[in-house]
Structure formats: structure tokens, C-alpha cells
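Asks: Below: one structure in C-alpha cells.
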Amino acid sequence: RDLFQRFFVIAIPIIIQNGITNFVSMLDNIMVGQVGSLQMSGVSIVNGLLFVYNLCIFGASSGAGIFTAQFFGSHDHEGIRYTFRFKMLICAALSLLGAAFFYAMGTPLIGLYLLGEGDPAEAAQVLGYGLDYLHMMLWGVIPFALSNAYASTLRETGETTVPMVAGVTAVFVNLVLNYVLIFGHFGAPAMGVEGAALATVISRFVELAIVAAWTHLHPKKNPFIRGVYRSIYIPGKLLKNIIVKGMPLFVNEFFWASGMAILNQCYSTCGLDVVPAQNIASTMFNLASVAFLSLGNSVGIIMGQMLGAGQEKEQIRSANRQLITVAVLSG
């Protein structure tokens, strides 16, 4: 009973927080859809592409998080500090690479989803709306990645409520700003798709501000944060272990998300009318997928903490079997 209670205390906030992160994209699709179907098509295509980036960040953080949970179980705050540094560095690097790639390749990437039958003029408009949305969204990749590094470390060290509160607040901010900026309420200009992207970017910064501020303002609860930015040093042996044992998770997330994006591109060849419907369905499917990922992530956190605490291997195996069964049934 204690094991299951511990599992759900960790899992439920993670599901809510990760679900909310992806709900932001769905919210943009819904509210932009009220402006027009062409605008919604451009937004939904871009959100499908950005989903690949989002899961890469999730995979990179989770790979290092395997060790964070173990260090937390053994009360090794210095080890947690090293894994947090790795997360910040890898997330920043992935964000810069991702932003550069999307900025340079935005037109051909979006164009891949506009190859089906339909009015060429409408396809050109969808491409334009998509590029406007993408270029604004790129301002939010850094805060998204950094808040993920903070939030994942907090979850792995036993604090699941703060990341959830930050995520809920970000959705509320996004919802209000979408209403104001997309449609031009309260004297603001009606910005359409760019307004939706700007609202999302601002909400990302709000989420980062909450998790980062709480972490740094509570050093007693988060000893790893003391001196974390004094250097970028990570022991070579730990760095090698993270890359060898953790990065396969990153690679897995990248290929799975890329496969889904390619599948959606295949559907889009059926015609322009198929694009918005398929992308809406994919966004909803992604929400369910993130719930499964969150359940698995929760099992991994508990296993890591048990390993770090030096519990018997048979006890860990038994707990692992039970939690996987519960996770599948919950999913």
C-alpha cells in the first residue's frame, strides 16, 4: 500500500504537469481554429513538428534523471548538482540546435504537409500562417527547456507539487493571453496566429520563473542548487554513464516522435482538407501518450530512489513488477 501511495503521489502531479504542457498546444489549435481553418492548419502542423523537440527535451532530462533519483536515494546532493548541470547544458544545446534547425528549415518542413490535392493559394496561406507561428514560438524553446530541467529535477528529488502549480499557472496565463492577443480584446491588436504563439511564449517564461524562483529561494529543501552555477564541471565518469545509460532514452523519444510526425505527413498527402483534422487528432493522441510516458517516468523515479537507498535487488524487482502492472492498468 505504501509503495502504491508513493507511486501515485509522484505520478499524478507529473501527469498533470506534462499533460498541461501539451495541452498548451491543443489550446492554441482550438482558439486559432475560431479565426479560420487555414490558420488552424498552419498552427497544428507546427505544433506537430515542435512535439518532436518537446519529447527530445523530455528524453534528455529523463536520461539524466535516472541518476538524479539514485543520488537522491543515497542523499548525495553533489551528485544531484552534477546531473542538474548536465540537464541545463544538454537542454540549452538542444534548444539552440532545434531553434536554428526550425528557423532554417521551417519552409520545407511545413511544405511537406501541403503536398496533397487542394487550392494552391490556400496551401500558400497555410504555409505563411505556419511560418508566422513558428518564428514566434522559437522564442519560447529556451524557457521551455530550462523549466523542464528544473521541474524534472524537483520531481526526482521528491517535490512534485511546485512543477504542477507552475504548469497550471502557465496554462491559465496562456488562455487569458490567447483571448486577448488572438482576437484583440481590451484594446490589444488582433494578432491571430502570432498572438497565439506570443501567449505561449510568455506562459513558458512564467512557468520557468515559478520553478526556478522556488528552487533558488528554498536552498534547504534543494541543497543541490547551492553553487550549481559556479562552474560547469561534471565528473567524467558520471558524464560517460549518463551518455551510455541515459541517452538511449533520448534517442528512443526522438525516433518515436519523428515517426509520428512522418506518419502525419503521409496522411496529409490525401489533401489539404485532411491536414487540420489529422493534426487535431494527433494533438489529442499526444496528450494520451504523455500520460503513459509520465507513468513510466514515475516508475523510473521510484526505482532510482530505491537503488540509491541500497535496497535489496529482489525487493526492487518485486516493486518494479507491481508498479509496471499498476501503470499499465492506470493508463
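The values are calculated or read from the model by the stated rules, or taken from the named source; none is laboratory data. Just so we're clear, the structure is a prediction, and the values are computed from it rather than from any experiment. All Cβ positions, even for glycine, are placed from backbone atoms using ideal geometry, and neighbour counts span all protein chains on display. All accessible areas refer to the heavy atoms of the entire protein, side chains included, with ligands and DNA or RNA removed. Shrake-Rupley method; radii C 1.70, N 1.55, O 1.52, S 1.80 Å.
Asks: Could you please state how large a percent of the accessible area of the chain is carbon and sulfur, counting protein chains only and using a 1.4 Å probe?
Replies: Here carbon and sulfur together make up 68 percent of the probe-accessible area.
Asks: Given a Förster distance of 25 Å, report the FRET efficiency between LEU115 and ALA277 from their Cβ-Cβ distance, rounded to the nearest 0.05.
Replies: 0.95
Asks: Please report the net charge: other residues with Cβ closer than 13 Å to the Cβ of ILE12, K and R +1, D and E -1.
Replies: Result for the local shell: +2.
Asks: Output the pairs from LYS87/LYS313; LYS87/LYS220; LYS87/LYS237; LYS220/LYS313 with a Cα-Cα distance over 26 Å in this structure; if there are none, say none. Walk me through the intermediate numbers first.
Replies: Working: LYS87/LYS313 28 Å; LYS87/LYS220 21 Å; LYS87/LYS237 16 Å; LYS220/LYS313 31 Å.
LYS87/LYS313; LYS220/LYS313, as the Cα separations exceed 26 Å there.
Asks: Could I ask something else about it? Subtract the Cα-Cα distance of LEU329 and LEU263 from 0.36 nm times their separation in residues, and report this length gain in nm to one decimal.
Replies: That pair, LEU329 and LEU263, stretches by 21.0 nm at full extension.
Asks: Below 8 Å between Cα atoms, with a sequence gap of 6+, how large is the relative contact order for region 213-331 in percent?
Replies: In percent, rounded to a whole number, it is 15.
Asks: Whenever you get a sec, line up PHE254, PHE292 from highest to lowest accessible area (probe 1.4 Å, protein heavy atoms).
Replies: PHE292, PHE254
Asks: Considering only C-alpha atoms, what is the centroid distance from region 223-291 to region 158-216, in Å?
Replies: Centre-to-centre distance over Cα atoms comes out at 21 Å.
Asks: Could you rank TRP256, TRP214 by how accessible they are, 1.4 Å probe, largest area first?
Replies: I get TRP256, TRP214, largest accessible area first.
Asks: Right, another one. Could you state the number of Å between the C-alpha centres of region 50-90 and region 108-153?
Replies: So the two Cα centres are separated by 27 Å.
Asks: Under a 1.4 angstrom probe, counting protein chains only, how are THR283, THR325 ranked by accessible area, largest first?
Replies: Per-residue accessible area, sorted high to low, gives THR325, THR283.
Asks: GNM on the chain, C-alpha springs below 10 Å: top fluctuator among SER74, SER294, SER318?
Replies: The residue that fluctuates most here is SER318.
Asks: Which label belongs to the value computed from this structure, given these candidates for log10 I(q)/I(0) by the Debye sum over Cα atoms at q = 0.09, 0.10, 0.14 Å⁻¹: (1) -0.64, -0.77, -1.20; (2) -0.48, -0.59, -1.08; (3) -0.42, -0.52, -1.10?
Replies: (2)
Asks: Is it possible to state the helix-based mean residue ellipticity at 222 nm for the chain, with each DSSP H run of 4+ residues giving -39500 (n - 2.57), the sum divided by total residues, to the nearest 500 deg cm²/dmol? What is it? Display every interim value, and only then the final one.
Replies: On the way: 11 runs with 267 residues, N = 331.
It comes out at -28500 deg cm²/dmol, rounded to the nearest 500.
Asks: Keeping all protein chains in place, calculate the accessible area per residue for the chain (probe 1.4 angstrom), answer in Å². Don't skip to the answer; put the middle values down first.
Replies: Values: 14770 Å² over 331 residues.
Result: 45 Å² of accessible area for each residue.
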